[in-house]
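Heads up: the structure comes next, in structure tokens.
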Amino acid sequence: MPLVKAGFVVLDCAEPEKLAVFYTELLEGEQTEATANRVEIRGADGTRLAFRRDMNATPPSWPRPENSLQAHLDFVVEDLDEAERRIVGLGGRPIESKDAAGPYEERGYADPAGHSFTLRRTAAAAPKQG
């Protein structure tokens with residue numbers, strides 16, 4: 001029997017109930033547990049997140065250098081434009097407007113509480129030669 005039963009990424013925020021709704025909708029998931037100070041969800045793909053009440057929580061200011069990025073969430077999507085429309089409709093906001101160079105297309109966002117996350121779409125693989 002494993003020692004660790006489950007792992008979560010936990011985001012501190014003033015209103016965990018509201019932030020849980022944002023991520024539950026974004027990840028097409030379900031709430032799995034809630035207490036007075038913590039809400040846990042599981043996304044349709046199995047992603048597990050928790051939101052912990054901290055009335056003094058302040059979001060990171062990334063990409064501004066005076067408060068560097070400490071951690072962020074990274075989600076893989078098929079259609080960046082469709083995902084962006086959904087995020088904005090749920091109360092999130094873009095924090096970057098240009099695509100990253102390289103093999104991935106990426107866009108940065110902030111959730112309603114200000115935590116940063118990235119959507120990325122992997123480039124289509126070229127067919128094998130030979």
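The values are calculated or read from the model by the stated rules, or taken from the named source; none is laboratory data. Owing to the predicted nature of the structure, the values given are computational and were not obtained by experimental measurement. In this analysis, Cβ positions are derived from the backbone assuming ideal geometry, glycine residues included, and neighbour counts consider all displayed protein chains. Heavy atoms of the whole protein, side chains included, go into the accessibility calculation; ligands, DNA and RNA do not. Shrake-Rupley method; radii C 1.70, N 1.55, O 1.52, S 1.80 Å.
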Checklist outcome for this item: Here the residues within region 48-57 that are of a type in the set (A, V, I, L, M), outside any loop (DSSP other than H, G, I, E, B) and open to solvent by 30 Å² or more (accessible area, probe 1.4 Å) are none
Checklist entry - Looking at region 13-31, which of its residues are within 21 Å of residue 55 (Cβ to Cβ) and of a type in the set (Gly, Ala, Ser)? => result 14, 20
Checklist outcome for this item: Note on region 4-47: residues over 22 Å from residue 93 (Cα atoms), open to solvent by less than 70 Å² (accessible area, probe 1.4 Å) and not in a strand (DSSP E or B) are 6, 7, 8, 46
Checklist entry - Say we look at region 96-119 and pick out the residues that are more than 21 Å from residue 10 (Cα to Cα) and open to solvent by less than 70 Å² (accessible area, probe 1.4 Å); which of these is modelled with the highest pLDDT? => result 107
